[in-house]
C-alpha cells in the first residue's frame with residue numbers, strides 16, 4: 001500500500017518538475033488522492049484476508 005502511495009506522489013512530483021500542464025498535474029494529484037482514500041478504506045476495514053470485520 002505504501003509503495004503505491006509513494007509511487008503516485010513521486011509521479012505527481014515528476015509531473016510538477018517537468019512543468020506539465022496544470023490539468024495533468026491536477027489529474028495526477030486527484031488520482032493519487034483517490035487511490036489513497038480507497039486503499040485506506042480497504043486497510044481500515046481489514047480487507048478479506050485479515051478477518052478484522054470492522
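The values are calculated or read from the model by the stated rules, or taken from the named source; none is laboratory data. From a predicted model like this one, the values you see are computed outputs, not experimental measurements. Note: ideal-geometry Cβ built from the backbone for every residue, glycine included; neighbour counts use all protein chains shown.
Structure above, values below:
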| item | result |
| --- | --- |
| Residue 20, sole failed condition from (1) surrounded by 13 or more Cβ atoms within 10 Å (Cβ to Cβ); (2) over 15 Å from the mean Cα position of the chain (by Cα); (3) at pLDDT 80 or above | (3) |
| Meets criteria (at pLDDT 80 or above, out of contact with any helix residue (DSSP H, G or I) (no Cβ under 6 Å at 6 or more places or on another chain) and at negative phi) for residue 26 | yes |
| Residue that is modelled with pLDDT of 80 or more and either in contact with a helix residue (DSSP H, G or I) (Cβ under 9 Å, 6 or more places away or on another chain) or not in a helix (DSSP H, G or I) (or both), where the choices are 41, 11 | 11 |
